[in-house]
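J.: Got a structure here, written out as structure tokens. Questions coming.
The values are calculated or read from the model by the stated rules, or taken from the named source; none is laboratory data. All values derive from a computational prediction rather than experimental measurement. All Cβ positions, even for glycine, are placed from backbone atoms using ideal geometry, and neighbour counts span all protein chains on display.
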Amino acid sequence: MWNSRDIALIIMFAVLSFVFQVLIGQIPNLITGIAGIGYVFTIVYSITQTVLWLMFEGRRWRIFTYGLLFTLLCMSVIQSWTPPVVMATILNIFIVDLVFNSLHGSFERKNKLVWWAILTQGYYWTTHPLLVLSFSRIFFPIEVVAPIMFLILPLMIIEAIAGGYIGYRIYRRVEKLA
């Protein structure tokens, strides 16, 4: 059963992520013209996603719904959200919801949610550019997007791990307040 808190969290964080994507995440791409350079802000997305995903406490389909809403908002306004990016985002968020939400309970019982947060963000931000590249082969020549993705991937992994940890610490603070 979905409660109003979950629906409010989904809408609030999807809009927050979208506003960040529009106002700040697109700036590197606009300035440099290099596709994929906006991934340098992975840490901000990773922190917000970690806090939100931990607030869902492993309940199924909340993460997927958030991802769908965020994707719909982005693809309606941002030109760089081409079909490969949209398909990769939806598939990746579906896998995260299916697999990592299934593991949430065991991490929580062992009091290791910090590792769940780090692994989830590490997985998501490592596979996202790889999925974008895979889907891009259908629509574009691979030479257009491949170079920047492979250069930024190590930075994205480091930022995802740091963002997962920072997001976990923020979640614990919010949890104490509630």
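J.: I need the full set of residues from the stretch 2-24 which are more than 13 Å from the chain's Cα centre (by Cα), surrounded by 14 or more Cβ atoms within 10 Å (Cβ to Cβ) and more than 28 Å from residue 105 (Cβ to Cβ), in order please.
T.: Scanning the stretch 2-24 gives a single hit, 22.
J.: When the stretch 6-57 is examined, which residues are found to be hydrophobic (A, V, I, L, M, F, W, C), without any contact (Cβ under 8 Å) to a residue 40 or more places away in the chain and within 14 Å of residue 78 (Cα to Cα)?
T.: Listed by number, the residues that qualify are 19, 20, 23, 24, 27, 30.
J.: Being over 16 Å from the mean Cα position of the chain (by Cα) and surrounded by fewer than 17 Cβ atoms within 10 Å (Cβ to Cβ) is the filter here; which residues of the stretch 81-106 pass it?
T.: 83, 102, 103, 105, 106 - these are the residues of the stretch 81-106 that are over 16 Å from the mean Cα position of the chain (by Cα) and surrounded by fewer than 17 Cβ atoms within 10 Å (Cβ to Cβ).
J.: Consider only pairs whose beta carbons are under 6 Å apart and that are at least six residues apart or on different chains; among these, list those whose first residue lies in the stretch 93-111 and is over 13 Å from residue 59 (Cα atoms) and whose second residue is not acidic (Asp, Glu).
T.: Short answer, once both residue conditions are applied: 93/64; 93/67; 94/64; 107/113; 107/116.
J.: Does at least one position in the stretch 107-126 carry a residue that is modelled with pLDDT under 95, among the β-branched types (Val, Ile, Thr) and either in contact with a Ser or Thr (Cβ under 7 Å, 6 or more places away or on another chain) or surrounded by 13 or more Cβ atoms within 10 Å (Cβ to Cβ) (or both)?
T.: Within the stretch 107-126 (the criterion being modelled with pLDDT under 95, among the β-branched types (Val, Ile, Thr) and either in contact with a Ser or Thr (Cβ under 7 Å, 6 or more places away or on another chain) or surrounded by 13 or more Cβ atoms within 10 Å (Cβ to Cβ) (or both)), the answer is yes, since at least one residue qualifies.
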